[in-house]
Structures are given as C-alpha cells and as structure tokens.
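Written out below as structure tokens is the structure these notes cover.
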Amino acid sequence: MQNKPLPLWRSLMFCPANSERFVAKASERGADAIILDLEDSIALAEKANARAVVRAAAKLIHAGGPDVLVRINRELDMAMLDIDAAVSADVSALVLPKVKGPEHIQLLAEVLTTLEIQRGLPVGHTKLIALVESAEALTKINAIAAADVRLVGLAVGGEDLATDLDAEPTADSLYVAKMLGIHAARAAGILPIGVVASVANVTGLDQYQAMLTRSRGLGFAGATCVHPSHVPLINATFSPRPAELERAKKIVDAFEEAERNGLGAVLFEGSMIDLPVALRARRTLARAKS
C-alpha cells in the first residue's frame, strides 16, 4: 500500500471541454473537481477544437475554486495530443479511460514527466485516475491500481463495462466488478471512485440518493456525476455527518484512554473497539477537518 497524500474529491463532475456555457458555470456547481472531457462527450469532428480550448477552460474553472481534471482519449495518437494540450499548472490530474493494463499507465506517466520538465512544473504535478472499463482489464485491476506513483484514484466504468459484458448497467450486474475496484484501490492506497451502478440516469433523485448511500457504505470515497443536481447529494453523502463525527470522537477518546492504560481494546457502547475501529474513526475526523 502506497503511503501518500490523496486529494479530497467527494464530487467530480464531467463537463465537455468545448462547451462555453457549461465551462462558464462549472466552478459554481459546488463540485470538488471538474473533469473537462475530451473523450466520450466530444464528437470526433470536434476533438481538435476541444483540445484547443481545454487549457483556457481549465484556467477559468481553477480560478473559481475547484480542482480541474481532464479525461483524455484512449487511442494513443489522440492521447498524445490530448496530454500535450492539457498539461498545465491549472490541471491537477488526467483521467485515463479504458485502461487495459499497468504498462498503459506507465507509458503515459513517462510522457507526463517530459512535459512537466519542459513546462517548468514539478515532476509529479499531474496526477492520474485510471478507468477500468472492460472484462479484460478487470483481470489486471490490482496491477493497474499499483501501476504508478502518480495514480491517486481508480474507477470501474459502468456503461462501457456493461456493454463489454453484454449486460445492463445495474447494481446487480456491476457489483462484483465495482467491489474489485474498491479492493484494488484501497490495497494500493488510492481513492476508489464511483457508485455501484451507472451515473447516466439524471432523474429520480430519491433512487439516486439511495444508490449513493449504498455506495458510500461499500467503501467508495467519492463519485463522478454528469448533472449539477447530483453534486450536493454526493457532497453530503461523502461528508461525515454530525452524529458520525460525535461518535468517532468518542471512539478515539475511548481507545486512546485504553492505550494509556495498557489495553489494546475496550468496550464502548456494547461493542469492542480495537485498532482498526479506531483507525476508521480517526479517518472520519480527518475528513471533517480537510
């Protein structure tokens, strides 16, 4: 497991890089991060135009507060053009779609190092999120999650994976793959990002909230979305509630008192508290302070 600081991204909202209207409002949506998209939401004929404006869009959004990420294309010829267009002080990370193995990530990381040196950026400035979106990639998901120090997050893409599986993108069909993603990310010390089903449905907020709550309980650290109405729900779900914070503080206090008395576990409100429980409570308190 890598021991490194991770970004505090509860909500990551996609925005087409070439949409002036969406870009202008992106920083006002309350998302922790905006993902400027050069991939699926951009028609092939518009790819060059999107690249031409992505750096200016990143600068505008970053000035408004959110971190800015850029989702590039999978095909190597387009990926190289996307990376060249995107790498700048205002772009915190690249989102790599349809990753097939660790070698893919390692190759692009080398390209990033060269560009950062050329542009006077600290080496390692540009982080990476890997998207696992095929049955083939799932067989390598642990190696993908640990492929490079630049990786700070991993997501299992519901729509593309469901297509590859010839399945519907439901919580049932995606559950195993999504849990593999959580396990691989946590083992590698990076963020498991996503929800247990698809993010494509932008209606039915009650159902969406229920899915978010379930996803948080399964271990996801944050979620992507495609609609501004989802942002406040994501932020609330992936932020500690007052009751959680109060209980976490009591757990930490009880455990630290037990440690001072030479004990490795203590009874608290009818349950035994040991180190793993105390660590989870400390993590909850840390999220609230950030």
* Asked: Which of the residues belonging to region 216-232 are among the β-branched types (Val, Ile, Thr) and open to solvent by 20 Å² or more (accessible area, probe 1.4 Å)?
  -> THR224, VAL226
* Asked: Wholly within region 187-290, which strands (runs of 3 or more DSSP E) include no fewer than the required count, namely at least 1 residues that are more than 30 Å from ASP172 (Cα to Cα) and in contact (Cβ under 8 Å) with a residue 60 or more places away in the chain?
  -> none
* Structure fact -> Of the residues in region 84-97, those that are of a type outside the set (Gly, Ala, Ser) and either surrounded by fewer than 20 Cβ atoms within 10 Å (Cβ to Cβ) or touching a strand residue (DSSP E or B) at 6+ places or on another chain (Cβ under 6 Å) (or both) come to ASP84, ASP90, VAL91, LEU94, VAL95, LEU96, PRO97
* To do: Tell me which residues, restricted to region 173-185, are modelled with pLDDT of 95 or more and farther than 19 Å from THR213 by Cβ.
  => VAL176, ALA177, LEU180, HIS183, ALA184, ALA185
* Does any residue of region 64-71 turn out to be touching a Gly at 6+ places or on another chain (Cβ under 9 Å) and either farther than 20 Å from GLU133 by Cβ or open to solvent by less than 10 Å² (accessible area, probe 1.4 Å) (or both)? -> yes
* In region 135-172, how many are in contact with a strand residue (DSSP E or B) (Cβ under 9 Å, 6 or more places away or on another chain), surrounded by fewer than 23 Cβ atoms within 10 Å (Cβ to Cβ) and modelled with pLDDT under 95? -> 1
* Structure fact -> Checked region 173-215 for anything farther than 19 Å from SER134 by Cβ, over 13 Å from the mean Cα position of the chain (by Cα) and surrounded by fewer than 18 Cβ atoms within 10 Å (Cβ to Cβ); matches are ALA187, ASN201, VAL202, THR203, GLY204, LEU205, ASP206, GLN207, GLN209, ALA210, THR213, ARG214
* To do: Kindly establish whether GLU259 is out of contact with any strand residue (DSSP E or B) (no Cβ under 7 Å at 6 or more places or on another chain), open to solvent by 60 Å² or more (accessible area, probe 1.4 Å) and more than 26 Å from ILE190 (Cα to Cα).
  => yes
* For ARG21, are the conditions met, namely being over 30 Å from ALA143 (Cβ atoms), of a type outside the set (A, V, I, L, M), open to solvent by 70 Å² or more (accessible area, probe 1.4 Å) and not in a loop (DSSP other than H, G, I, E, B)? -> yes
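The values are calculated or read from the model by the stated rules, or taken from the named source; none is laboratory data. This one's a predicted model, so the numbers in the text were calculated from it and none came from an experiment. Note: ideal-geometry Cβ built from the backbone for every residue, glycine included; neighbour counts use all protein chains shown. Only protein heavy atoms, including side chains, enter the accessible area calculation; ligands, DNA and RNA are left aside. Shrake-Rupley method; radii C 1.70, N 1.55, O 1.52, S 1.80 Å.
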